[in-house]
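**Q** Quick one: this structure, given as C-alpha coordinates, is what I'll be asking you about.
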Amino acid sequence: MRLLVLGGTVFLSRAVAEAALARGHDVTTVSRGTSGRPPSGARHVTADRAAPLPRELTQTAFDAVVDVSSRPSHVRSALERLSHAHWVYVSSVSVYADDATPGGGPGILPLHRPLWDDSDDMADYGPLKAGCEQLVAEAAASHAVVRPGLIVGPGDRSGRFAYWVDRLRHAADGEVVLAPGNPHDLVQFVDVRDLGAWIALLAERSTTGVRDAISPPLTIGDVLDQVAAGCGARPRWRWATDEQLRGLGIRPWMGPRSLPLGLPRPDYDGMQTHLPAPAREAGLRIRPVADTARDTRAWLDGTPHAAITGLTADEEREALASLG
Ligand SMILES: NC(=O)c1ccc[n+]([C@@H]2O[C@H](COP(=O)([O-])OP(=O)(O)OC[C@H]3O[C@@H](n4cnc5c(N)ncnc54)[C@H](OP(=O)(O)O)[C@@H]3O)[C@@H](O)[C@H]2O)c1
(Lines give C-alpha, C1' and ligand atoms only; values in the text may rest on other atoms or scores of the structure.)
Protein backbone atom coordinates (compact mmCIF):
# COMPACT_ATOMS: atom_id res chain seq x y z
CA MET A 1 0.00 0.00 0.00
CA ARG A 2 1.12 3.56 -0.72
CA LEU A 3 -0.07 5.40 2.38
CA LEU A 4 -0.13 9.16 2.90
CA VAL A 5 -0.26 10.23 6.54
CA LEU A 6 -1.26 13.89 6.83
CA GLY A 7 0.77 14.55 9.97
CA GLY A 8 2.92 11.61 10.99
CA THR A 9 5.45 13.40 13.17
CA VAL A 10 3.81 13.28 16.62
CA PHE A 11 1.90 10.88 18.84
CA LEU A 12 -1.02 9.20 17.02
CA SER A 13 -0.30 10.06 13.39
CA ARG A 14 3.34 9.07 13.97
CA ALA A 15 2.17 5.77 15.50
CA VAL A 16 0.09 5.15 12.36
CA ALA A 17 3.12 5.79 10.14
CA GLU A 18 5.29 3.52 12.32
CA ALA A 19 2.73 0.71 12.24
CA ALA A 20 2.31 0.94 8.46
CA LEU A 21 6.10 0.90 7.95
CA ALA A 22 6.38 -2.16 10.20
CA ARG A 23 3.84 -3.89 7.95
CA GLY A 24 6.04 -3.20 4.92
CA HIS A 25 4.05 -0.34 3.40
CA ASP A 26 5.33 2.67 1.48
CA VAL A 27 4.63 5.62 3.80
CA THR A 28 4.73 9.36 3.12
CA THR A 29 4.23 11.87 5.93
CA VAL A 30 3.38 15.57 5.62
CA SER A 31 3.91 18.28 8.21
CA ARG A 32 5.37 21.74 8.67
CA GLY A 33 8.24 20.16 10.58
CA THR A 34 7.66 22.19 13.74
CA SER A 35 6.23 19.51 16.09
CA GLY A 36 8.46 16.50 15.60
CA ARG A 37 10.13 14.16 13.14
CA PRO A 38 8.71 11.34 11.05
CA PRO A 39 9.71 7.74 11.78
CA SER A 40 12.73 6.54 9.87
CA GLY A 41 11.79 4.81 6.66
CA ALA A 42 9.01 7.28 5.82
CA ARG A 43 9.31 9.74 2.97
CA HIS A 44 8.63 13.16 4.46
CA VAL A 45 7.26 16.19 2.66
CA THR A 46 7.43 19.53 4.43
CA ALA A 47 4.31 21.58 3.73
CA ASP A 48 1.85 23.86 5.48
CA ARG A 49 -1.71 22.73 4.85
CA ALA A 50 -2.86 26.33 4.95
CA ALA A 51 -1.68 26.30 1.30
CA PRO A 52 -2.64 23.76 -1.40
CA LEU A 53 -0.68 20.49 -1.12
CA PRO A 54 2.56 20.46 -3.13
CA ARG A 55 2.56 18.88 -6.61
CA GLU A 56 4.85 16.03 -5.56
CA LEU A 57 2.02 14.76 -3.36
CA THR A 58 -0.78 15.17 -5.84
CA GLN A 59 1.23 13.36 -8.54
CA THR A 60 1.56 10.18 -6.45
CA ALA A 61 -1.32 7.68 -6.66
CA PHE A 62 -1.82 6.96 -2.96
CA ASP A 63 -3.97 3.97 -2.07
CA ALA A 64 -4.94 5.39 1.31
CA VAL A 65 -4.83 8.67 3.23
CA VAL A 66 -4.95 9.08 7.00
CA ASP A 67 -5.89 12.54 8.27
CA VAL A 68 -5.98 13.76 11.89
CA SER A 69 -6.76 17.42 11.20
CA SER A 70 -9.57 19.30 12.94
CA ARG A 71 -9.50 22.16 10.44
CA PRO A 72 -12.22 21.84 7.78
CA SER A 73 -10.26 24.03 5.34
CA HIS A 74 -7.27 21.64 5.52
CA VAL A 75 -9.43 18.54 5.11
CA ARG A 76 -11.39 20.10 2.23
CA SER A 77 -8.24 21.16 0.44
CA ALA A 78 -6.63 17.70 0.79
CA LEU A 79 -9.81 16.02 -0.43
CA GLU A 80 -9.83 18.19 -3.55
CA ARG A 81 -6.55 16.56 -4.58
CA LEU A 82 -6.69 13.11 -2.97
CA SER A 83 -10.33 12.01 -3.09
CA HIS A 84 -9.49 8.97 -5.28
CA ALA A 85 -7.87 7.24 -2.28
CA HIS A 86 -9.39 5.34 0.63
CA TRP A 87 -9.54 7.79 3.54
CA VAL A 88 -9.29 7.00 7.23
CA TYR A 89 -10.33 10.12 9.10
CA VAL A 90 -9.38 10.37 12.79
CA SER A 91 -12.25 12.07 14.58
CA SER A 92 -13.11 11.90 18.31
CA VAL A 93 -15.85 10.81 20.71
CA SER A 94 -16.21 14.58 21.23
CA VAL A 95 -18.51 14.58 18.16
CA TYR A 96 -21.26 13.21 20.41
CA ALA A 97 -23.66 15.71 21.94
CA ASP A 98 -24.51 13.27 24.77
CA ASP A 99 -21.84 12.38 27.38
CA ALA A 100 -24.28 10.93 29.93
CA THR A 101 -25.91 7.90 28.29
CA PRO A 102 -23.90 4.69 28.83
CA GLY A 103 -23.33 2.17 26.04
CA GLY A 104 -23.34 4.67 23.17
CA GLY A 105 -21.68 4.80 19.79
CA PRO A 106 -22.31 5.67 16.14
CA GLY A 107 -26.00 5.66 15.25
CA ILE A 108 -26.99 5.57 18.93
CA LEU A 109 -25.89 8.94 20.30
CA PRO A 110 -26.78 12.34 18.79
CA LEU A 111 -23.98 14.31 17.17
CA HIS A 112 -23.04 17.96 17.52
CA ARG A 113 -24.17 20.17 14.70
CA PRO A 114 -21.20 20.17 12.28
CA LEU A 115 -19.00 23.25 11.80
CA TRP A 116 -17.38 23.76 8.40
CA ASP A 117 -15.46 26.97 9.12
CA ASP A 118 -12.11 26.78 10.91
CA SER A 119 -12.09 27.76 14.57
CA ASP A 120 -9.42 27.74 17.29
CA ASP A 121 -12.01 27.77 20.09
CA MET A 122 -11.67 24.47 22.04
CA ALA A 123 -15.46 24.57 22.59
CA ASP A 124 -15.84 24.02 18.81
CA TYR A 125 -13.65 20.89 18.76
CA GLY A 126 -16.55 18.38 18.59
CA PRO A 127 -18.51 20.32 15.92
CA LEU A 128 -15.32 20.77 13.87
CA LYS A 129 -14.61 17.04 13.98
CA ALA A 130 -18.24 16.38 12.97
CA GLY A 131 -17.82 18.84 10.06
CA CYS A 132 -14.58 17.18 8.91
CA GLU A 133 -16.23 13.74 9.09
CA GLN A 134 -18.94 14.95 6.72
CA LEU A 135 -16.48 16.47 4.28
CA VAL A 136 -14.66 13.12 4.07
CA ALA A 137 -17.93 11.19 3.72
CA GLU A 138 -19.07 13.43 0.86
CA ALA A 139 -15.84 13.54 -1.16
CA ALA A 140 -13.67 10.46 -0.58
CA ALA A 141 -13.95 7.46 -2.92
CA SER A 142 -14.34 5.30 0.18
CA HIS A 143 -13.68 6.02 3.83
CA ALA A 144 -13.62 4.96 7.46
CA VAL A 145 -14.11 7.26 10.44
CA VAL A 146 -12.37 6.44 13.71
CA ARG A 147 -13.63 8.16 16.86
CA PRO A 148 -11.09 7.69 19.66
CA GLY A 149 -11.74 8.37 23.30
CA LEU A 150 -8.80 9.34 25.49
CA ILE A 151 -5.54 8.34 23.79
CA VAL A 152 -2.73 7.40 26.18
CA GLY A 153 0.80 6.03 26.16
CA PRO A 154 4.36 7.08 25.34
CA GLY A 155 4.54 10.49 23.63
CA ASP A 156 1.23 11.81 24.98
CA ARG A 157 1.40 15.59 25.05
CA SER A 158 -1.78 16.06 27.13
CA GLY A 159 -0.28 14.58 30.33
CA ARG A 160 -3.51 13.06 31.70
CA PHE A 161 -2.62 9.37 31.94
CA ALA A 162 1.00 10.43 32.48
CA TYR A 163 -0.07 12.24 35.68
CA TRP A 164 -0.85 8.88 37.27
CA VAL A 165 2.30 7.22 36.01
CA ASP A 166 4.37 10.15 37.24
CA ARG A 167 2.60 10.21 40.61
CA LEU A 168 3.06 6.48 41.13
CA ARG A 169 6.65 6.20 39.92
CA HIS A 170 7.50 8.60 42.75
CA ALA A 171 5.25 7.01 45.41
CA ALA A 172 6.84 5.35 48.45
CA ASP A 173 5.59 1.94 49.57
CA GLY A 174 2.22 2.39 51.29
CA GLU A 175 2.04 6.13 50.52
CA VAL A 176 -1.47 7.62 50.51
CA VAL A 177 -2.45 8.82 47.01
CA LEU A 178 -5.54 10.94 46.33
CA ALA A 179 -7.89 9.34 43.77
CA PRO A 180 -11.01 10.77 42.07
CA GLY A 181 -14.62 9.67 42.66
CA ASN A 182 -15.59 6.08 43.30
CA PRO A 183 -13.27 3.12 42.58
CA HIS A 184 -16.17 1.45 40.74
CA ASP A 185 -16.59 4.32 38.23
CA LEU A 186 -15.95 3.10 34.69
CA VAL A 187 -13.25 4.63 32.47
CA GLN A 188 -12.08 4.00 28.91
CA PHE A 189 -9.04 4.90 26.85
CA VAL A 190 -6.84 3.48 24.13
CA ASP A 191 -3.07 3.03 23.89
CA VAL A 192 -1.69 5.13 21.04
CA ARG A 193 0.23 2.17 19.61
CA ASP A 194 -2.86 -0.08 19.55
CA LEU A 195 -4.82 2.69 17.85
CA GLY A 196 -2.04 3.44 15.36
CA ALA A 197 -1.79 -0.24 14.40
CA TRP A 198 -5.54 -0.45 13.94
CA ILE A 199 -5.74 2.67 11.76
CA ALA A 200 -2.95 1.29 9.57
CA LEU A 201 -4.96 -1.93 9.24
CA LEU A 202 -8.14 -0.06 8.28
CA ALA A 203 -6.15 1.76 5.59
CA GLU A 204 -4.55 -1.47 4.33
CA ARG A 205 -7.87 -3.31 4.13
CA SER A 206 -9.86 -0.32 2.79
CA THR A 207 -12.27 -0.91 5.66
CA THR A 208 -15.28 1.40 5.61
CA GLY A 209 -17.68 2.57 8.35
CA VAL A 210 -17.74 4.70 11.48
CA ARG A 211 -16.48 3.26 14.77
CA ASP A 212 -15.49 4.41 18.22
CA ALA A 213 -11.89 3.52 19.02
CA ILE A 214 -11.79 2.52 22.62
CA SER A 215 -11.00 -0.25 25.11
CA PRO A 216 -13.69 -2.12 27.03
CA PRO A 217 -14.64 -0.04 30.12
CA LEU A 218 -12.64 -0.81 33.27
CA THR A 219 -13.22 0.48 36.78
CA ILE A 220 -10.94 3.37 37.68
CA GLY A 221 -9.92 1.39 40.76
CA ASP A 222 -8.67 -1.43 38.54
CA VAL A 223 -6.95 0.99 36.16
CA LEU A 224 -5.08 2.80 38.92
CA ASP A 225 -4.07 -0.54 40.48
CA GLN A 226 -2.71 -1.66 37.09
CA VAL A 227 -0.86 1.63 36.63
CA ALA A 228 0.64 1.13 40.09
CA ALA A 229 1.64 -2.43 39.12
CA GLY A 230 3.23 -1.14 35.89
CA CYS A 231 5.23 1.36 37.96
CA GLY A 232 6.15 -1.15 40.67
CA ALA A 233 4.27 0.97 43.28
CA ARG A 234 2.08 -0.12 46.20
CA PRO A 235 0.05 2.96 47.20
CA ARG A 236 -2.89 3.30 49.56
CA TRP A 237 -5.71 5.07 47.74
CA ARG A 238 -7.70 7.86 49.36
CA TRP A 239 -10.85 8.13 47.24
CA ALA A 240 -12.60 11.53 47.34
CA THR A 241 -16.14 12.01 46.06
CA ASP A 242 -16.97 14.48 43.28
CA GLU A 243 -18.54 16.71 45.92
CA GLN A 244 -15.44 16.61 48.15
CA LEU A 245 -13.17 17.39 45.21
CA ARG A 246 -15.39 20.28 44.13
CA GLY A 247 -15.29 21.61 47.71
CA LEU A 248 -11.49 21.54 47.59
CA GLY A 249 -11.44 23.41 44.26
CA ILE A 250 -10.03 20.35 42.47
CA ARG A 251 -11.16 20.11 38.86
CA PRO A 252 -11.99 16.98 36.88
CA TRP A 253 -10.32 15.49 33.78
CA MET A 254 -7.30 17.73 33.10
CA GLY A 255 -5.58 21.07 33.60
CA PRO A 256 -4.05 22.86 36.58
CA ARG A 257 -5.42 21.77 39.96
CA SER A 258 -7.22 18.75 38.48
CA LEU A 259 -7.28 15.03 39.16
CA PRO A 260 -6.91 13.61 35.64
CA LEU A 261 -9.26 10.88 34.36
CA GLY A 262 -11.86 11.75 37.04
CA LEU A 263 -15.19 12.98 35.63
CA PRO A 264 -18.33 14.03 37.51
CA ARG A 265 -20.95 11.25 37.64
CA PRO A 266 -23.55 10.59 36.38
CA ASP A 267 -23.12 13.52 33.94
CA TYR A 268 -20.21 11.78 32.18
CA ASP A 269 -21.23 8.12 32.60
CA GLY A 270 -21.57 7.84 28.82
CA MET A 271 -18.26 9.36 27.78
CA GLN A 272 -16.43 6.51 29.49
CA THR A 273 -18.63 3.60 28.39
CA HIS A 274 -18.76 3.62 24.59
CA LEU A 275 -19.36 0.22 23.00
CA PRO A 276 -15.97 -1.36 22.23
CA ALA A 277 -17.23 -4.34 20.16
CA PRO A 278 -17.43 -2.74 16.66
CA ALA A 279 -13.77 -1.68 16.78
CA ARG A 280 -12.69 -5.04 18.21
CA GLU A 281 -14.57 -6.85 15.43
CA ALA A 282 -12.79 -4.64 12.87
CA GLY A 283 -9.37 -5.58 14.28
CA LEU A 284 -8.56 -3.22 17.19
CA ARG A 285 -6.45 -5.10 19.76
CA ILE A 286 -6.01 -3.65 23.24
CA ARG A 287 -2.91 -4.29 25.37
CA PRO A 288 -3.06 -4.56 29.19
CA VAL A 289 -3.08 -1.25 31.10
CA ALA A 290 0.01 -2.31 33.07
CA ASP A 291 1.97 -2.53 29.77
CA THR A 292 0.88 0.97 28.78
CA ALA A 293 1.85 2.22 32.25
CA ARG A 294 5.27 0.52 32.16
CA ASP A 295 6.08 1.94 28.72
CA THR A 296 4.77 5.39 29.63
CA ARG A 297 7.02 5.27 32.67
CA ALA A 298 10.03 4.42 30.51
CA TRP A 299 9.11 7.32 28.20
CA LEU A 300 8.74 9.72 31.16
CA ASP A 301 12.05 8.54 32.64
CA GLY A 302 13.74 9.48 29.36
CA THR A 303 11.78 12.70 28.76
CA PRO A 304 12.44 15.15 31.60
CA HIS A 305 10.26 17.90 30.13
CA ALA A 306 7.23 15.76 29.24
CA ALA A 307 3.93 17.56 29.86
CA ILE A 308 2.09 16.45 33.01
CA THR A 309 -1.27 17.93 33.91
CA GLY A 310 -2.96 17.75 37.33
CA LEU A 311 -2.28 18.47 40.99
CA THR A 312 1.11 19.58 42.24
CA ALA A 313 2.61 17.65 45.17
CA ASP A 314 1.74 20.57 47.51
CA GLU A 315 -1.85 20.73 46.27
CA GLU A 316 -2.32 16.99 46.82
CA ARG A 317 -0.76 17.16 50.29
CA GLU A 318 -3.07 20.03 51.29
CA ALA A 319 -6.12 18.20 49.89
CA LEU A 320 -5.27 15.00 51.79
CA ALA A 321 -4.80 16.99 55.00
CA SER A 322 -8.22 18.67 54.55
CA LEU A 323 -9.93 15.33 53.86
CA GLY A 324 -8.40 13.83 56.99
N1 LIG B 1 -5.33 13.05 22.52
C2 LIG B 1 -6.51 12.49 22.71
O3 LIG B 1 -6.81 11.99 23.81
C4 LIG B 1 -7.50 12.44 21.56
C5 LIG B 1 -8.77 11.93 21.79
C6 LIG B 1 -9.65 11.79 20.71
C7 LIG B 1 -9.24 12.15 19.42
N8 LIG B 1 -8.01 12.69 19.24
C9 LIG B 1 -7.59 12.99 17.86
O10 LIG B 1 -6.47 12.18 17.58
C11 LIG B 1 -5.61 12.85 16.66
C12 LIG B 1 -4.23 13.02 17.26
O13 LIG B 1 -3.32 13.28 16.23
P14 LIG B 1 -1.76 13.44 16.51
O15 LIG B 1 -1.39 12.69 17.72
O16 LIG B 1 -1.05 13.15 15.24
O17 LIG B 1 -1.60 14.94 16.95
P18 LIG B 1 -1.93 16.25 16.23
O19 LIG B 1 -1.48 17.33 17.10
O20 LIG B 1 -3.35 16.28 15.76
O21 LIG B 1 -0.93 16.10 14.93
C22 LIG B 1 -0.81 17.02 14.11
C23 LIG B 1 0.13 16.55 12.97
O24 LIG B 1 -0.21 17.32 11.87
C25 LIG B 1 0.87 18.23 11.57
N26 LIG B 1 0.28 19.56 11.28
C27 LIG B 1 -0.38 20.38 12.15
N28 LIG B 1 -0.72 21.51 11.54
C29 LIG B 1 -0.27 21.41 10.26
C30 LIG B 1 -0.30 22.28 9.12
N31 LIG B 1 -0.85 23.51 9.18
N32 LIG B 1 0.25 21.84 7.97
C33 LIG B 1 0.84 20.63 7.89
N34 LIG B 1 0.89 19.77 8.92
C35 LIG B 1 0.36 20.16 10.10
C36 LIG B 1 1.76 18.23 12.81
O37 LIG B 1 3.13 18.55 12.51
P38 LIG B 1 3.64 20.08 12.47
O39 LIG B 1 3.06 20.77 13.68
O40 LIG B 1 5.13 19.96 12.50
O41 LIG B 1 3.13 20.68 11.19
C42 LIG B 1 1.59 16.79 13.27
O43 LIG B 1 2.42 15.93 12.53
C44 LIG B 1 -6.27 14.15 16.35
O45 LIG B 1 -7.14 13.97 15.26
C46 LIG B 1 -7.12 14.41 17.60
O47 LIG B 1 -8.17 15.28 17.35
C48 LIG B 1 -7.12 12.85 20.27
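The values are calculated or read from the model by the stated rules, or taken from the named source; none is laboratory data. Values in this document were obtained by computation on a predicted structure and should not be read as measured data. Heads up, the Cβs are rebuilt from the backbone with ideal geometry, glycines too, and the neighbour counts pull from every protein chain shown. Each accessible area value is taken on the protein alone, full model and side chains, heavy atoms only, with ligands, DNA and RNA left out. Shrake-Rupley method; radii C 1.70, N 1.55, O 1.52, S 1.80 Å.
**Q** Taking 37 °C and 0.692 mPa s as the conditions, I'd like the Stokes-Einstein D for region 111-234 in µm²/s, using the Kirkwood hydrodynamic radius from alpha carbon pairs.
**A** Diffusion coefficient, whole number: 192 µm²/s.
**Q** Rolling a 1.4 angstrom probe over the protein heavy atoms, how many square angstrom per residue are accessible across the chain?
**A** Roughly 43 Å² per residue, with all protein chains present.
**Q** Then there is this: Leaving out ligands, DNA and RNA, and with a 1.4 Å probe, what % of the accessible surface on the chain is carbon or sulfur?
**A** Answer for the chain is 50 percent, counting heavy atoms of protein chains only.
**Q** Right, something else. Round to the nearest 10 and give me the degree value, 0 to 90, for the angle of helix 313-323's Cα axis relative to the longest principal axis of the chain.
**A** Once rounded, the angle reads 50 degrees.
**Q** Two decimals is fine: what is log10 I(q)/I(0) at q = 0.07, 0.13 Å⁻¹ for the chain, from a Debye sum with one equal scatterer on every Cα and no solvent?
**A** -0.29, -0.96
**Q** Something else now. Per 5 Å bin, what percent of the C-alpha pairs of region 254-317 does each bin hold, from zero upward?
**A** 4, 12, 12, 17, 22, 18, 11, 4, 1, 0
**Q** Could you please state, rounded to a whole Å, how far the C-alpha centre of region 251-283 is from the C-alpha centre of region 3-22?
**A** 25
**Q** Tabulate in residue order the Karplus-calculated ³J(HN,Hα) for region 269-284, using 6.51 cos²θ - 1.76 cosθ + 1.60 with θ = phi - 60°, rounded to whole Hz; enter x for Gly and Pro.
**A** Once rounded to whole Hz, the list reads 4, x, 4, 10, 9, 5, 5, x, 4, x, 5, 4, 5, 8, x, 5.
**Q** Return P(r) of region 177-324 (all Cα-Cα pairs; 5 Å bins starting at 0; whole %; ordered from short to long distances).
**A** Taking all Cα pairs of region 177-324, the binned fractions are 2, 9, 15, 18, 19, 16, 11, 6, 3, 1, 0, 0 percent.
**Q** Mind listing the long-range amide H neighbours of residue 177? Cut-off is under 5 Å, sequence gap 5 or more, other chains count too, H placed in the peptide plane at 1.01 Å from N.
**A** Correct list: 236, 237, 238.
**Q** Taking the DSSP beta bridges in region 146-253 as the whole, what percent of them are antiparallel, to the nearest 5?
**A** DSSP beta bridges in region 146-253 are roughly 15 percent antiparallel.
**Q** A further question on this structure: Once a ≥ b ≥ c are taken as the square roots of the eigenvalues of the Cα gyration tensor of region 93-179, is the result rounded (a/c under 1.5), prolate (a/b larger than b/c) or oblate (a/b not larger than b/c)?
**A** Cα axes put region 93-179 in the prolate bin.
**Q** Taking every DSSP beta bridge that has both residues in the chain, what percent is antiparallel when rounded to the nearest 5?
**A** 10
**Q** Ordered by packing density, taken as the mean number of other Cβ atoms within 10 Å over each peptide's residues, highest first, how do 42-50, 19-27 rank?
**A** Packing order, densest peptide first, comes out as 19-27, 42-50.
**Q** Between region 30-64 and region 152-170, how many Å separate their Cα centres?
**A** Rounded to whole Å, the Cα centres lie 30 Å apart.
**Q** Would you mind checking which residues have amide H under 5 Å from residue 111's amide H? H placed 1.01 Å from N; only 5 or more apart, or other chain.
**A** 97
**Q** For n ≥ 4 DSSP H runs only, could you compute -39500 (n - 2.57) per run for the chain, divide by its residues and tell me the 222 nm figure to the nearest 500?
**A** Estimated from H runs of four or more residues: -10000 deg cm²/dmol.
**Q** For region 1-116, just the Cα atoms, rotate onto the principal axes and tell me the three extents in Å, largest first.
**A** 44, 29, 28
**Q** Follow-up. Quick one: Karplus J couplings for region 291-299, per residue in order, coefficients 6.51, -1.76, 1.60, θ = phi - 60°, nearest Hz, x for Gly and Pro?
**A** So the J values, rounded to whole Hz, are 5, 4, 5, 4, 6, 5, 4, 4, 5.
**Q** If you don't mind, there's one more thing I want to ask. On C-alpha positions alone, give me the angle between the axis of helix 160-169 and the longest principal axis of the chain, in degrees, nearest 10.
**A** Value to nearest ten degrees: 50.
**Q** On to the next question. Can you pull out the chymotrypsin sites (Phe, Trp or Tyr not before Pro) in region 240-324 whose DSSP state is coil and whose Cβ has at most 13 other Cβ atoms within 10 Å?
**A** Passing both the DSSP loop test and the Cβ count: no residue.
**Q** OK, next. How far is helix 192-205 tilted, in degrees, relative to the longest principal axis of the Cα atoms in the chain, given as a value from 0 to 90 rounded to the nearest 10?
**A** Roughly 30 degrees, rounded to the nearest 10.
**Q** On to the next question. Output ³J(HN,Hα) for region 130-136: one whole-Hz value per residue in order, computed from phi by the Karplus curve 6.51 cos²θ - 1.76 cosθ + 1.60 with θ = phi - 60°, and x for Gly and Pro.
**A** 5, x, 5, 4, 5, 4, 5
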